[in-house]
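Colleague: Shown below is the structure under consideration.
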Amino acid sequence: MKKENKSVIIWLLSGCVLLFLMVVVGGITRLTNSGLSMTDWHLVTDTFPPLTEAKWQAAFDEYKKFPEYQKINIHNDFQLADYKFIYFWEWFHRFIGRIIGLVFFVPFVYFLAKKKLDTPTIKKCVVLLAMGAFQGFLGWFMVRSGLIDNPDVSHFRLSLHLTFAFITFAYTLWVALDLIYPERNINKILPLRNIARYALAALLIQIIYGGFVAGLNAGLIHNHWPLMSDGEFIHESVFIEQSSLIKNLIEGKSGVQFVHRTFAYVVVGIILFLFFKSKKYTLTHTQANGIKTLVVFVFIQFLLGVFTLLYSVPLALGLIHQIMAFFLLSAMTYTLHRLSK
């Protein structure tokens, strides 16, 4: 790591931490059904929550006009105190998003003015800024889907919002790693790099389906393992919820859960293949540590997934499962970087 890059690296890694925090809070927001509590979006005026009881009541009255209250919470003795709770998590999620925007943009302008960024890094940072702006749009695009007729967000939009956050995090970490390890890796092993790429692709598919499971609340059924309900590997409900097999696998609760629980074996299998294949090569210290960490993390994540399913997605386990996905993606990004650059 070059000394002149240290402050830029700290900036990028700080962005990674904030992105991680935002996804964690986003997970809490989803698991507490708080995502539709703020029915509009303003860049400045809703930066802070209502500060008086009158403003709280006005916000609550506005919330009552939308499907989540009219179709669900009106039957649950839902009071202003309950509304304040769900409002906090959605507000906090958006507030962190604003902080991330400032943390990325202001130092970028400063580093640009001080000529601390070379041309390749400038281009990468511009991509990061664009990704951040697009992520903000995806957040509102997701929320909007739950404010029209259906009192729940589209699981497609939720998964897109979640997965793009993971991708933005991974790319930010990759840019930081480019600066942490500026010298080209003379031990680039193409066969292992290619396997790692397949592993990353499989992990992203699994994250997408994790979003589908969350969006459809598909973790609340078939709470058995290793088989689904009635001792079946593929329960009959996988084929009958929707009008076609494809729709069952992307829109049916049973089908989506089946793919997510089964594809976990694929992710574990590819990472284990990478591990055993790596035994045939002489690895650098960073390469070996990356692969070993990847193996440990994927087994922890697999076990967390099993227990999250068996206990019907309690808040703590659901959140830890999502956090571990972040650690697994971090290890995957680091390992691929060390095998590629």
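The values are calculated or read from the model by the stated rules, or taken from the named source; none is laboratory data. Here the structure is a predicted model, which is why all the values come from computation and not from measurement. Here the Cβ is made from the backbone with ideal geometry for all residues, glycine too, and neighbour counts use every protein chain on show. Heavy atoms of the whole protein, side chains included, go into the accessibility calculation; ligands, DNA and RNA do not. Shrake-Rupley method; radii C 1.70, N 1.55, O 1.52, S 1.80 Å.
Colleague: Looking at this structure, is ILE72 within 30 Å of the chain's Cα centre (by Cα), modelled with pLDDT under 90 and part of a helix (DSSP H, G or I)?
Modeller: yes
Colleague: For the condition more than 19 Å from PHE166 (Cβ to Cβ), out of contact with any Lys or Arg (no Cβ under 7 Å at 6 or more places or on another chain) and modelled with pLDDT of 95 or more, what is the one hit in LEU204, LEU227?
Modeller: Of LEU204, LEU227, the one residue that is more than 19 Å from PHE166 (Cβ to Cβ), out of contact with any Lys or Arg (no Cβ under 7 Å at 6 or more places or on another chain) and modelled with pLDDT of 95 or more is LEU227.
Colleague: VAL106 passes all but one of (1) more than 24 Å from ASN150 (Cα to Cα); (2) open to solvent by 30 Å² or more (accessible area, probe 1.4 Å); (3) touching a residue at least 40 places away in the same chain (Cβ under 8 Å); which number fails?
Modeller: Condition (3) is where VAL106 drops out.
Colleague: Filter region 284-304 down to the residues that are out of contact with any helix residue (DSSP H, G or I) (no Cβ under 6 Å at 6 or more places or on another chain) and among the small types (Gly, Ala, Ser) and list them by number.
Modeller: ALA288
Colleague: In region 182-191, how many residues are aliphatic (A, V, I, L, M) and in contact (Cβ under 8 Å) with a residue 12 or more places away in the chain?
Modeller: So the count comes out to 1.
Colleague: Of all residues being aliphatic (A, V, I, L, M) and closer than 16 Å to PHE108 by Cβ in region 118-157, which is least open to solvent (accessible area, probe 1.4 Å)? Just the residue, please.
Modeller: The qualifying residue least open to solvent (accessible area, probe 1.4 Å) is LEU128.
Colleague: Could you tell me whether region 173-194 includes any residue that is crowded, with 16+ Cβ neighbours inside 10 Å, closer than 28 Å to GLY255 by Cα and aliphatic (A, V, I, L, M)?
Modeller: No, the conditions are met nowhere in region 173-194.
Colleague: Scan region 192-209 and report the pairs whose first residue is within 15 Å of SER159 (Cα to Cα) and whose second residue is among the hydroxyl-bearing types (Ser, Thr, Tyr), with Cβ atoms within less than 9 Å and a gap of 6+ or a chain change.
Modeller: Between residues of region 192-209 that are within 15 Å of SER159 (Cα to Cα) and residues that are among the hydroxyl-bearing types (Ser, Thr, Tyr), the close pairs are LEU204/THR163; ILE207/SER159; ILE207/THR163; ILE208/SER159; ILE208/THR163; TYR209/SER159.
Colleague: Does region 47-66 hold any residues that are surrounded by 16 or more Cβ atoms within 10 Å (Cβ to Cβ) and either assigned to a helix (DSSP H, G or I) or at pLDDT below 85 (or both), and which are they?
Modeller: TRP56, ALA59, PHE60, TYR63
Colleague: Please note which helices (runs of 4 or more DSSP H) are completely contained in region 216-311 and include at least 3 residues that are in contact with a Phe, Trp or Tyr (Cβ under 8 Å, 6 or more places away or on another chain), of a type outside the set (Val, Ile, Thr) and free of Cβ contacts under 8 Å to residues at least 24 places away in the same chain.
Modeller: Answer list for region 216-311: 245-250.
Colleague: Shifting gears a bit: GLU90 versus (1) open to solvent by 20 Å² or more (accessible area, probe 1.4 Å); (2) in contact with a helix residue (DSSP H, G or I) (Cβ under 8 Å, 6 or more places away or on another chain); (3) charged (D, E, K, R): which is the lone unmet condition?
Modeller: Only one criterion in (1) open to solvent by 20 Å² or more (accessible area, probe 1.4 Å); (2) in contact with a helix residue (DSSP H, G or I) (Cβ under 8 Å, 6 or more places away or on another chain); (3) charged (D, E, K, R) is unmet by GLU90, namely (1).
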